[in-house]
Amino acid sequence: MIPIFDGHNDALTREDRGDLAQRSSRGHLDLPRMREGGMRGGIFAIFTPSPGEQSRQITFGAKGQYIEPLAEPVGQEVAAAHAKATAEYLLDLEQQGEAAVARFIADVDAARAPGAPPVAVMHLEGAEAIDAGLAQLQAWYERGLRSLGPVWSRPNDFAHGVPFVFPSSPDTGPGLTERGTALLAACAELGILVDLSHLNEAGFWDVARVEPGPLVASHSAAHALCPASRNLTDRQIDAIGAGGGLVGIVFATPFLRPDFADDPETPLSLIVEHARYVADRIGVAHVALGSDFDGATIPSALGDVAGLPRVLAALADGGFSRAEIEAISWQNWRRVLDAWWR
Ligand SMILES: [Zn+2]
């Protein structure tokens, strides 16, 4: 079985999470199903929902454009308490021997050994939990934080997130704030990967100009195939390739489909089409997986994390060689994590 490292899941903050050490049929991911699917490691997001999450109204603009409003901001104290409790839950799983939390690249390598516990990279999806003065970043690093998206799709002290709009360019507003630039520098200094997936285009270029490490969009897809604001333009993809970074191809059906439909009857071949598009443009070394398990609607042909071998089979059907699939499944993620962490 080819070991898989996946770049993004929301299992830790899923409402009906329960005990991730127990196999369940809820959601997309728990540790036993991870093992079944060959997912030996992944980036585990810690995400604090917005207060008005339930009341958001989707609107349709002129010409039927789909516009989901930006979620309400979350206060720093609320986010800090929520995120800390979620991190402690992950650290409890580590204490119980159910999972390892990656602090060094050797921890990622160790997860490939048969019988080893799967490895989780602790990730903050939106940096609301970090105070504007960044005093708490060091404590988060010590807790195990090794990856951070400055912003989710809502504004915060650090950046302006990209709203969910279709069809739309990702160029939806201003990029990093001054504090966002300071956060970027602090992450690079400590060795915390900075994830670009929810930045708008201006924010993306703000990071690319500094280039603190290889550019990584952990769960995104190609704008040329699905013109959603959350997807990457050719120029962005080229910049990711030039800097040795990667695109974790997302399995969320709206970002894969040319019609943005939130439809589980989306074939796995669409995941392959996005992987092929990025590979043809910048090389297989810059393609990886970034499922968004437990954060989005995924193809029913995949079902949950235990179905991951079917994605690998679809990649093989799409003409990727075994060596290329191994790179997409593990080596490419290992390379960028290693580059950011050293
Ligand atoms: Zn996300």
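The values are calculated or read from the model by the stated rules, or taken from the named source; none is laboratory data. Remember, it's a predicted structure, so these values are computed and weren't measured experimentally. Cβ coordinates were reconstructed from backbone atoms using ideal geometry, including for glycine residues, and neighbour counts include every protein chain displayed. Remember, those area values only see protein heavy atoms, side chains included, never the ligands or the DNA or RNA. Shrake-Rupley method; radii C 1.70, N 1.55, O 1.52, S 1.80 Å.
At-a-glance table
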quantity: Contacts under 7 angstrom Cβ, first residue in the range 72-83 being among the acidic types (Asp, Glu), partner open to solvent by less than 40 Å² (accessible area, probe 1.4 Å), 6 or more apart; calculated: 72/50; 72/52; 72/154
quantity: Residue 267 vs. criteria at pLDDT 95 or above and either at positive phi or open to solvent by less than 30 Å² (accessible area, probe 1.4 Å) (or both); calculated: no
quantity: Among the residues listed as 288, 279, 275, the single one being open to solvent by less than 20 Å² (accessible area, probe 1.4 Å) and either over 17 Å from the mean Cα position of the chain (by Cα) or aromatic (Phe, Trp, Tyr) (or both); calculated: 279
quantity: Odd one out for residue 196 among (1) within 15 Å of the ligand (Cβ to nearest atom); (2) over 30 Å from residue 59 (Cα atoms); calculated: (2)
quantity: Close pairs from the range 40-61: first more than 25 Å from residue 105 (Cβ to Cβ) and open to solvent by less than 20 Å² (accessible area, probe 1.4 Å), partner assigned to a loop (DSSP other than H, G, I, E, B) and modelled with pLDDT under 95, Cβ under 6 Å, at least 6 apart; calculated: 48/74; 50/71; 50/72; 50/74; 52/72
quantity: Flag for residue 322 being under 24 Å from residue 105 (Cβ atoms), surrounded by fewer than 17 Cβ atoms within 10 Å (Cβ to Cβ) and modelled with pLDDT under 95; calculated: no
quantity: Test: residue in the range 303-316 that is surrounded by fewer than 20 Cβ atoms within 10 Å (Cβ to Cβ) and over 21 Å from residue 30 (Cα atoms); calculated: yes
quantity: Selected residue (criterion: nearest to the ligand (Cβ to nearest atom)) from residues of the range 219-245 that are farther than 18 Å from residue 161 by Cα and in contact with a Pro (Cβ under 7 Å, 6 or more places away or on another chain); calculated: 226
quantity: The range 8-46, residues that are away from the ligand (no atom under 16 Å from the Cβ), of a type in the set (A, V, I, L, M) and assigned to a helix (DSSP H, G or I); calculated: 31, 34
quantity: The range 211-229: number of residues that are more than 16 Å from residue 340 (Cα to Cα) and either open to solvent by 10 Å² or more (accessible area, probe 1.4 Å) or without any contact (Cβ under 8 Å) to a residue 12 or more places away in the chain (or both); calculated: 4
quantity: Selected residue (criterion: modelled with the highest pLDDT) from residues of the range 291-302 that are aliphatic (A, V, I, L, M) and open to solvent by 20 Å² or more (accessible area, probe 1.4 Å); calculated: 301
quantity: Single unsatisfied condition, residue 262 versus (1) free of Cβ contacts under 8 Å to residues at least 24 places away in the same chain; (2) open to solvent by 50 Å² or more (accessible area, probe 1.4 Å); calculated: (1)
quantity: The range 135-157, subset away from the ligand (no atom under 16 Å from the Cβ) and in a loop (DSSP other than H, G, I, E, B), residue farthest from residue 76 (Cα to Cα); calculated: 144
quantity: Enumeration of residues in the range 114-134 that are in a strand (DSSP E or B) and within 16 Å of the ligand (Cβ to nearest atom); calculated: 121, 122, 123, 124, 125
quantity: Test set (1) within 16 Å of the ligand (Cβ to nearest atom); (2) assigned to a helix (DSSP H, G or I) - residue 49 fails condition number; calculated: (2)
